[in-house]
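The values are calculated or read from the model by the stated rules, or taken from the named source; none is laboratory data. Just so it is clear, the structure is predicted and the values come from calculations on it, not from any experiment. Neighbour counts are summed over all protein chains in view; Cβ atoms, including those assigned to glycine, are modelled from backbone coordinates with ideal geometry. Ligands, DNA and RNA are excluded from the accessible area calculation, which covers all protein heavy atoms including side chains. Shrake-Rupley method; radii C 1.70, N 1.55, O 1.52, S 1.80 Å.
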Amino acid sequence: MGFHIVKPEKNMRKAFICPTKYVQGEDEILNLGYFVRTFGKKALLIADKFALTLVKDKLDATAAKYGIEFIPAEGFKGECSRNVVKTLQGIAKAAKCACTIGLGGGKAIDTAKCVAEGEALIIVPTIAATDAPTSHSAVLYTDEGAFDDYAYFKQNPSVVLIDTKVIAGAPVRFLVSGMGDALSTYFEARANSVSFNRVNACLPCGYTGKTAIGPGMQTLAAKALAKLCYETLLEDGYKAKLACEKKVVTPSLENIIEANTLLSGLGFESGGLAAAHAIHDGLTVLEETHKYLHGEKVAFGTLAQLVLENAEQEEIDTVIDFCLTVGLPVCLADLGVKELDAKRLDEVATKASIPEESIHFMPFPVTKDAVAAAILAADALGREAKGL
Ligand SMILES: [Zn+2]
């Protein structure tokens with residue numbers, strides 16, 4: 001499909017990966033036509049059905065104002081598979097579309113990334129639940145909806161456009177989950193920054209660490225953004241949650257949308273993933289966790305990473321307090337796991353520590369027994385904080 005993977009070289013080069021443009025504001029979708037116009041007059045529109053109904057009036061208005069046309073992606077039923085991507089590429093070609101738009105949640109965005117293959121791509125997230133919109137990777141599924149493969153593209157989106165009114169109108173659980181995904185960013189980047197000083201340093205980037213696609217070490221910019229991401233969560237997280245509950249846009253909600261999407265997106269892609277996301281992956285072997293969102297599992301994974309690296313108690317307390325304040329999981333029961341016997345815990349730890357996992361980007365050797373211990377200890381800390 002033309003996916004481009006850059007083999008990292010073992011040198012001291014620094015690298016920073018980001019989308020070309022990021023715009024965020026109230027009713028920003030009214031300006032979508034302007035960005036389409038920079039490519040041409042027609043855009044393939046890959047959209048979640050539900051999201052489309054929410055923004056249809058704004059799409060009509062911007063199309064009329066800028067004299068552009070949205071070509072509907074017939075054939076997109078909510079799954080991102082190789083067949084769907086092929087079909088949509090055919091539609092785009094036949095209609096002579098100048099660019100591709102992905103509008104909605106994860107699947108519409110991933111499909112648009114695969115269809116565009118790194119060229120002329122506009123991403124319009126309608127929820128702020130993960131930090132994926134700005135990245136140059138996507139997840140492919142089979143036609144039946146099972147995991148297929150990760151796809152990496154030669155470029156990040158050309159434009160990431162966020163209408164903050166739309167995010168404010170979405171269920172608050174998505175925003176909070178996005179904060180969980182963003183919570184890991186600083187700690188995973190920090191772990192990677194220490195790893196880089198070691199001889200066998202791994203390189204940042206990639207959802208799995210399977211293919212280290214970030215061809216270089218952390219820039220000062222990535223470190224600063226990751227730190228700002230964490231500080232913004234602590235400062236504005238609770239206020240933003242309340243604003244989203246009231247479905248209003250406030251400065252704190254604006255800040256959290258930026259933290260969840262831009263700061264976390266750039267922070268993870270140029271700062272690297274580590275234990276928190278690997279432990280998330282491990283938790284997915286437990287059926288009970290499947291109804292919980294990515295960021296909800298990443299939040300607990302972050303707590304487990306802090307235990308694994310023996311972070312200071314004060315820092316652990318701050319993270320737990322934050323999670324409890326905004327409503328993120330701090331223990332296994334919060335993820336639906338009522339009982340975890342030794343066998344299932346071992347399965348989680350085994351999956352979290354397979355050789356391809358980003359857990360090995362931690363600045364020390366990690367064994368599966370250490371992961372299992374960290375999960376149990378993190379659970380105990382979280383339960384105690386909740387008075388369980
Ligand atoms: Zn994530």
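Given N residues in segment 172-386, what is its alpha carbon radius of gyration divided by 2.2 N^0.38 Å?
That ratio works out to 0.95.
Output needed for the chain: three equivalent-ellipsoid semi-axes, defined as square roots of 5 times the C-alpha gyration tensor eigenvalues, in descending order, whole Å.
Semi-axes from the Cα gyration tensor: 34, 23, 19 Å.
Considering only DSSP beta bridges with both partners in segment 1-126, what is the antiparallel share in %, to the nearest 5?
0 percent
Mean residue ellipticity at 222 nm from the helices of the chain, using -39,500 (n - 2.57) per DSSP H segment of n ≥ 4 over the full residue count, to the nearest 500 deg cm²/dmol?
Helix contribution divided over all residues of the chain: -15500 deg cm²/dmol.
Give the residue from TYR141, PHE70, TYR22 lying farthest towards the positive end of the charge dipole for segment 21-169; charges sit on Cβ (+1 for Lys and Arg, -1 for Asp and Glu) and the dipole is referred to the Cα centre.
The one lying farthest along the dipole's positive direction is PHE70.
Taking the solvent-accessible surface of protein heavy atoms with a 1.4 Å probe, what is the per residue accessible area of segment 21-169 in Å²?
Spelled out: the 1.4 Å probe surface of segment 21-169, per residue, equals 40 Å².
Using a 1.4 Å probe, how large is the accessible area of LEU308, given in Å² and rounded to the nearest 10?
30 Å²
Report the net charge of residues surrounding PRO171, where surrounding means a beta-carbon distance below 15 angstrom and charges are Lys +1, Arg +1, Asp -1, Glu -1.
After counting each charged neighbour, the total is +3.
Evaluate the charge dipole of the chain about its Cα centre and quote only its size in Debye, nearest 20, assuming +1 on the Cβ of each Lys and Arg and -1 on the Cβ of each Asp and Glu.
The dipole magnitude comes to about 1360 debye.
Give the share of C-alpha pairs in each 10 angstrom bin for segment 57-129, from 0 to the last occupied bin, in whole percents, shortest bins first.
Over segment 57-129, the share of Cα pairs per 10 Å bin runs 20, 53, 26, 2 percent.
On a 0 to 90 degree scale, rounded to 10, what angle separates helix 313-326 from the longest Cα axis of the chain?
So the helix axis and the longest Cα principal axis differ by about 40 degrees.
Once both axes come from the Cα atoms, what is the angle between helix 220-245 and the longest principal axis of the chain, in degrees from 0 to 90, rounded to 10?
80 degrees
If one takes the longest principal axis of the Cα atoms in the chain, at what angle in degrees, from 0 to 90 and to the nearest 10, does the Cα axis of helix 172-195 lie?
Long axis of 172-195 versus the principal axis of the chain: about 60 degrees.
Distance check, please: which entries in LYS56/LYS338; LYS49/LYS154; LYS14/LYS241; LYS227/LYS297; LYS247/LYS343; LYS41/LYS86 exceed 32 angstrom between their Cα atoms?
Distance filter (> 32 Å) returns LYS56/LYS338; LYS14/LYS241; LYS247/LYS343.
Report the antiparallel proportion of the DSSP beta bridges in the chain as a percent, rounded to a multiple of 5.
Once the DSSP bridges in the chain are tallied, antiparallel ones form about 20 percent.
Heavy atoms of the protein only, probe of 1.4 Å, neighbouring chains included. What is the accessible area of VAL348 in Å², nearest 10?
0 Å²
Relative contact order, percent, of the chain when contacts are C-alpha pairs under 8 Å separated by at least 6 residues?
So the answer I get is 18 percent.
So for segment 21-169, Kirkwood radius off the Cα pairs, Stokes-Einstein at 20 °C and 1.002 mPa s: how many µm² s⁻¹?
This corresponds to a translational diffusion coefficient of 144 µm²/s.
Above 26 angstrom, tally the Cα pairs of segment 266-388 and express them as a % of all pairs, no decimals.
12 percent
Carbon-plus-sulfur fraction of the accessible area of the chain, 1.4 Å probe, in percent?
Carbon plus sulfur share of accessible area: 55 percent.
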